[in-house]
Every structure is written in C-alpha cells, then in structure tokens.
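Scroll down for the structure; my scribbles are underneath it.
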Amino acid sequence: MENCELIALKLRLWQMEINEDLKKKRFKVPVHLGLGTEALVVAIASVIHSGDSLLLTHRNAAFNLVLAEDPSAVVREYDGSDDGLAFGQLGSMNLVNPRSGVVYSSSILANNISVACGCAFGHRISQSQNFSVVLTGDGAMEEGAFYEGLVFAKSHQLPLVIVVDNNDYSMASTTSERRCEIDLSMFCKSIGVNYLQLSDNDVQTYVTVFESLRDAVTSASSPAVVEVKTTLLNQHAGPTPGWPSDPMKVEISHGLVIEETVSDPIFVLREKYGIKNFSKFENELGSTKLNRDVR
Amino acid sequence: MSSNYLAAMNQIISDRVNQMENTLVYGENLDRGSFISGLSKNLVSGPTRLLKNVGNCEYTHCGVGFGLMMSGKNAVLFVKQLDFMMLGIDHFVSTYGSIRATRYQQPLGSFTIVTAIYDQGFQGPQSSFRGLGEICSMSGVSGFMLQELSDAKKIVAEEISKPGIRFFALSQRKANEELTEVNIVNAAPDNSVIQYRHGSEVSIVCMGHSLAHGKSLVYLCDKNGVGASLFSVNYVENAKWEIAALDALRTKKLVIIDDTHSTASLSFRFLTDVLEFDPEVRFTVVRNRAGKSTAVSDERFEVDCESVFAWIRS
C-alpha cells in the first residue's frame, strides 16, 4: 500500500475515534468530521509544502488531523486544553495550525476565498514558488463572495487552487432543494479559469492530480478550480448515524469501511487491495490510534 | 507641504507608502482618472511594492488585506468612501477575530485602509455613513481621523507599518480647505488621543472629524480669557486615553463635540470613564441630534460655539 493510502486509513481511524467521543458528547465545541473525504484531504495535504497556505472551512477536522505533527493535539484542542493544537484558543470551526500551513479556517461560507487571494498575492510579492489552496463547497458557490473571489484570482493571475468539496448538502438541504443547478465548469470557462472534476475517490489518483495542479498553478501563476464530488458519511456536525435520513451506523468494531460503494474512499482502497490484505493493513493501524485520554 | 487638506493628506500618506516593502497597494481606479479623488496620487511601485488597480469587489478587497497580513506582508487599500467598507464587515469582525485568536509563527503584516468619510449628504443617503467608530467597535479595528497636518504626520508615520489593521479616515467636507499647522502638545502612546492645547478651565474633547469646531471654541475661549484644553479622540481598542480623562477630572468641566450620527458613540464611553472617577464633573455633549437624513441634503454639522461658551462660563 502506498504511503498516501496508509495515511488515508489512519485518517479514517482517527475520525472514527473522534466519532466515538462525539457519541458520548465529550466536546462542547461543534466538531465537523469529514468521513468520506479522506482521498481529497490526503491529496491536498500531500502537496502543501513549507511556505504554502491552506485555507479551510469549518469542516477542517480531517485536514488538521493529517497535517498536525501530533494529531492527538486536535482532540486536546476540542477539549479546550492549553496544550491543544491552537492552545485551546480556536476550538473546532476556526481551527488552524500555521506551522503546518493551515493559516485560516472559517465557517462563513466563501469568506476564505478572498483571504486566500491575499495569501496568494503574498506569494507573488515574495516571488516564491509557493501557492495557496482554499477549500470551499457547493453551499459557498451560492455566495457572491465565491464569484468575486474567482474573478479576482483570475484577474490578478494568482497561484491559487480553489477546491469545491461538492457533497450536495448545505446542512439539511440538498442542492436541488435550495437552488438551480450551477455549471461550475461553464462558469470557470467564462472567466478563463482552468477547471477539473474528481469523483472516483482513489487516493493515489487524487494525489497525482494535485501534484500536477501545484506545478501548473505555480509555474503559470494562474488559478485553477477543482470540483470534487464527495459523500459525507457523517452528520453535518455530530456523530453518525448520519443525516437527514441516513441509516448508517459507524462503529470502529465494524471495520474502517463505512459504505460499500465508491462514495467511500476506504471502500475503494479495500477493493483495490482485496479484503484479506486490507484487513492486514487495518490491524496494523492499532499503534497509530489517537491519545484521547480525558485529563 | 501643500496647505490644501486633500493634497496635504495625499502627500503625507504617499510619502510613507512609497517607503514600504513587501506591500500590495490597491484600490478601484488607484492609478487613473481622479486617482480616487486625489487620495492615491503620487504612489510608485517598487521591487516588492505592487500597485494594483482592482475591480469592484470591496468584500474581496478586505479579505485580500487580511490574507496578506497573515502572510506577513503589508496591504494598503485605498477606498473612495467609508460607506463601501460596510461590505467588508464580515471580514472585520469574523476574519480579524480569528486572526487575533491565532498564534502565528511570523509577525503579522500591516493592513491599512485609507478612506474618506463623506460627512455631507449631497451624494445621497447611501453615501454619508460617518460611523467609523461603530465599525471599529464591533470589530476591534483601530480608526484614526486625519484632521490636521501635525496629527496626520504623526499618526501615519507611527501606525501605517504596525502589525494589524487600522483605518485612516479623511473628511470629504474638508477636501479643499486650507490647513494651518496646529502643534501637538501631547499624545497617548497608542495615538488614541491627540492633545493640541493645554488649559486650566475647560476640557474640550472632539470625536470624529469635529476638531475644527473644537478649534473655533478654543478661539472663543482664548478671546475671553478662558483656558481650554483641546483633544481629538481616535478609536483604539482599550484606548489609553488617560491624558484627556485626567484633564477633564482636573478642570471638572468637559465639552464633548461629536459629529457622527451614532447613538452608540465613543463619546459616551469616554464620558462614562470620566464620570466613573468623578460624577461631579460638569459636562455637555454637542452632537448631531437631528439624526441622519434619508434625503439628499447638506447634512452640515454645526456647533453653536456662543451657546457652548455660555455654558462654559455658567
């Protein structure tokens, strides 16, 4: 198994561990897990180098777990501990870790795109080969700030990748329940921004794509948009079973696969390596569990 | 140095901006046309100082400034009028709040917004927002009024490169006025208070761009042999405004002049701080009681100095 794939497995395990804490209502802060987004998260994390800027949404738990030197510090942050990832100051929705490149997280939809443009302008001023990545979603696409941000990034040829995590939901409303269709590829085309879509949830493919994107964006100094179709396998904010009519029951004891479809990147891995080999990988993860002791 | 208010302010600001490195200087029509009513004239680019004419997306402009700031770079945003910054309130409150709660590895850069307060109503009701203090209050952003040559030189020199964000606000009504040099006799370390005169009988404290009215009142006091202290107050969170407050406690007579329409004005916070120490201090607050007009009008803020002086003498 490739290293990036092992990291995806670890991330699934860590998120499921935190999910167990959510079931017990351990945290006062609202935690937004990203079960089902592991391929995307691991791919982005793999291309963030020293000096790059990663700007996230309130659904930043998976990113911070993968990028932190000590992922258990994320749990301590949710506990409000002063040895948490952000010294107990930021909690969950605004959690950042500048040491790892996560410079900003915001729960205000599309708010982070303009901030990412500023970070990308900073790279331009430094004349560095760094770039910025900003996460946004299908809900944020409805905001005027989304449109403004893309136009601004293109107008100034900023080294910025805008990742639209399209999970179809804005809290309890699906896209079709709240708005007309937006053809993001056509919108990007209309302003001359490169666009591509990912949906097969293969970790290694995603890593390769983001490596190419990093090269393209930094060498051409021009923004790009990646729309990634994901299925969120947990509630909007809280433990599984999911929402709004999701019957899934996520239990660590059931193994790491949550949904036996390509919507689950861990299922995709299991299919790739076979159940027998996959079980071996799962069993080897025991030593990488989070330290979730309540102090 | 030109004595025309707008030209003088432009020269003070551009001289400083042109010395900044690792900086993005940006604004709508920054480098063409009227140069944002003259605000952005004389700016020059450098190896690490980019000048950018940008599109009409004020919300994004504010976010860009914060992004540069958290990257350790500097941003100077020129905005034609304060009203446009209402679109950035989300960033001032939420983004800046997050930044302040974060421990970055490198020092923050500076983010300065240079704008004019349209302190008249001829552009219509949507172009006469004077409540910079209200934006500052809800966000913790500092707001400095550039009123005279002396205070503008001091504030711009000391504040423009500081880590963090601040507004420099000019008065549109004063644009073509001739300026005279008024000496500063004292200032708070955070420039929340600038003192122009020291007197023994009354403390005159000016909020917003009302310093000219304060000067008129001081002139009347001088003419009648009444010693007056004169201050201008800027919005700075946790302001170190003791020099003005202690002066009021000493003279025991306080005149506050406030040209904003705000009912949540800095005036009241200052007054509360003074009265908390000595409820016997006599005070009067001269403010725009007519409220904000919803129609095109002069919206001139007038102070009846004779009446206020009569109160001082009473």
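The values are calculated or read from the model by the stated rules, or taken from the named source; none is laboratory data. What you are looking at is a predicted structure, and each value in this text was computed from that prediction instead of being measured. When we count neighbours, we look across all protein chains shown, and the Cβ atoms used for this are built from the backbone with ideal geometry, even at glycine.
Annotations for the structure displayed:
- Qualifying residue in segment B:4-13 (condition: in a helix (DSSP H, G or I) and within 10 Å of chain A (Cβ to nearest Cβ)): no
- Among the residues of segment A:12-40, those identified as acidic (Asp, Glu) and over 16 Å from the mean Cα position of the chain (by Cα) are A:Glu17, A:Glu20, A:Asp21.
- Any hit, segment B:93-106, residues being in contact with a Leu (Cβ under 6 Å, 6 or more places away or on another chain) and not basic (Lys, Arg): yes
- Segment B:37-52, subset of a type in the set (A, V, I, L, M, F, W, C) and either touching a residue at least 40 places away in the same chain (Cβ under 8 Å) or at the interface with chain A (Cβ under 7 Å from one of its Cβ atoms) (or both), residue surrounded by the fewest Cβ atoms within 10 Å (Cβ to Cβ): B:Leu50
- Among (1) more than 11 Å from chain B (Cβ to nearest Cβ); (2) crowded, with 22+ Cβ neighbours inside 10 Å; (3) assigned to a helix (DSSP H, G or I); (4) not basic (Lys, Arg) - the single one A:Leu33 does not satisfy: (3)
- Of the residues making up segment B:70-84, those that are within 14 Å of chain A (Cβ to nearest Cβ) and in contact with a strand residue (DSSP E or B) (Cβ under 6 Å, 6 or more places away or on another chain) are B:Met70, B:Asn74, B:Ala75, B:Val76, B:Leu77.
- Of everything listed in (1) in contact with a Phe, Trp or Tyr (Cβ under 7 Å, 6 or more places away or on another chain); (2) crowded, with 21+ Cβ neighbours inside 10 Å, the single unmet condition for B:Val76 is (1).
- Residues located in segment A:114-128, provided they are at the interface with chain B (Cβ under 7 Å from one of its Cβ atoms) and touching a residue at least 12 places away in the same chain (Cβ under 8 Å): A:Ser114, A:Val115, A:Ala116, A:Cys117, A:Cys119, A:Phe121, A:Gly122
- Yes/no for A:Ser50 being farther than 18 Å from A:Ile7 by Cβ and either within 12 Å of chain B (Cβ to nearest Cβ) or in a strand (DSSP E or B) (or both): yes
- Scanning segment A:101-124 for residues that are surrounded by fewer than 23 Cβ atoms within 10 Å (Cβ to Cβ) and not in a loop (DSSP other than H, G, I, E, B) turns up just one, A:Arg124.
- A count restricted to segment A:125-144 and to residues that are surrounded by 24 or more Cβ atoms within 10 Å (Cβ to Cβ) and either among the hydroxyl-bearing types (Ser, Thr, Tyr) or more than 19 Å from the chain's Cα centre (by Cα) (or both) stands at 2.
- Failed item, numbered, when A:Ser185 is tested on (1) in contact with an Asp or Glu (Cβ under 7 Å, 6 or more places away or on another chain); (2) surrounded by fewer than 23 Cβ atoms within 10 Å (Cβ to Cβ); (3) hydroxyl-bearing (Ser, Thr, Tyr): (1)
- Only listed residue being farther than 21 Å from B:Ser200 by Cβ, assigned by TED's automatic domain parsing to the domain that holds B:Ser216 and crowded, with 17+ Cβ neighbours inside 10 Å, chosen from B:Ser293, B:Ser267, B:Ser297: B:Ser267
- Test: B:Gly55 is surrounded by fewer than 21 Cβ atoms within 10 Å (Cβ to Cβ) and either at pLDDT 95 or above or within 14 Å of another protein chain (Cβ to nearest Cβ) (or both): yes
- For segment A:138-159, the condition holds for no residue, the condition being that it is part of a strand (DSSP E or B) and either among the acidic types (Asp, Glu) or modelled with pLDDT of 95 or more (or both).
- Residues in segment A:59-74 that are over 10 Å from the mean Cα position of the chain (by Cα) and in a loop (DSSP other than H, G, I, E, B): 4 in all.
- The helices (runs of 4 or more DSSP H) falling completely within segment B:190-279 that include 2 or more residues that are touching a residue at least 60 places away in the same chain (Cβ under 8 Å) map to B:211-223, B:266-277.
- Sole residue being out of contact with any helix residue (DSSP H, G or I) (no Cβ under 9 Å at 6 or more places or on another chain) and surrounded by 20 or more Cβ atoms within 10 Å (Cβ to Cβ), chosen from B:Glu159, B:Glu148: B:Glu159
- Within segment A:87-100, tally of residues that are assigned to a loop (DSSP other than H, G, I, E, B) and within 7 Å of chain B (Cβ to nearest Cβ): 5
- Residues in segment B:58-69 that are more than 7 Å from chain A (Cβ to nearest Cβ) and over 16 Å from A:His156 (Cα atoms): B:Met69 only.
- Of the residues screened, B:Leu30 is one that is more than 8 Å from chain A (Cβ to nearest Cβ) and either crowded, with 16+ Cβ neighbours inside 10 Å or over 17 Å from B:Gly143 (Cα atoms) (or both).
- With respect to the stated conditions, A:Ser105 fails to be facing chain B (nearest Cβ under 10 Å), more than 17 Å from B:Gln105 (Cα to Cα), touching a helix residue (DSSP H, G or I) at 6+ places or on another chain (Cβ under 8 Å) and modelled with pLDDT of 95 or more.
- Residue match in segment A:156-164 (condition: touching a residue at least 12 places away in the same chain (Cβ under 8 Å), under 21 Å from B:Gly109 (Cα atoms) and facing chain B (nearest Cβ under 8 Å)): yes
- Cβ pairs under 6 Å, 6+ apart, first in segment A:171-187 and among the small types (Gly, Ala, Ser), second at pLDDT below 95: A:Ala172/A:Pro244
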